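Just so you know, all these numbers are worked out from the coordinates, no wet-lab data involved. Computed from a predicted model, the values in this text were never measured in an experiment. Counting neighbours? That spans all protein chains shown, and the Cβs are built from the backbone with ideal geometry, glycine included.
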Amino acid sequence: MTEEKKIQYFNIILCKAGMLLIGLGLIRAFSIHHDKLGFLLGFFGYILVSFHIQALEKRWEISKKHTWISTGIFALIFLPLGYWLAFPVPQ
């Protein structure tokens, strides 16, 4: 693997980690404040960033296999954590 490809994959990992943190922050903020407009604005921005990352993956010629693997890992992390943040266990 070339050095350029390693840098591209590292940048994709950083983008996915950033999306994970932003998404979890949006879910947590909505579950605490119940601000529907703020959540919708944040969610719309989140979708735009997601489209931008997909465009970067295509431009950098990241294989579809790696794209699907990273999306699967992202979903496996995001969904349980999002559910846990949205509906915390009462103590």
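Being under 14 Å from the mean Cα position of the chain (by Cα) and more than 15 Å from Ala86 (Cβ to Cβ) is the filter here; which residues of the stretch 23-45 pass it? Within the stretch 23-45, Phe44, Gly45 qualify.
Among the residues of the stretch 74-88, those that are free of Cβ contacts under 8 Å to residues at least 24 places away in the same chain and among the hydrophobic types (A, V, I, L, M, F, W, C) comprise Ala75, Leu76, Leu79, Trp84.
Say whether the condition of being among the aromatic types (Phe, Trp, Tyr), within 30 Å of Lys6 (Cβ to Cβ) and over 14 Å from the mean Cα position of the chain (by Cα) is met by at least one residue in the stretch 50-63. Scanning the stretch 50-63 turns up at least one residue that is among the aromatic types (Phe, Trp, Tyr), within 30 Å of Lys6 (Cβ to Cβ) and over 14 Å from the mean Cα position of the chain (by Cα).
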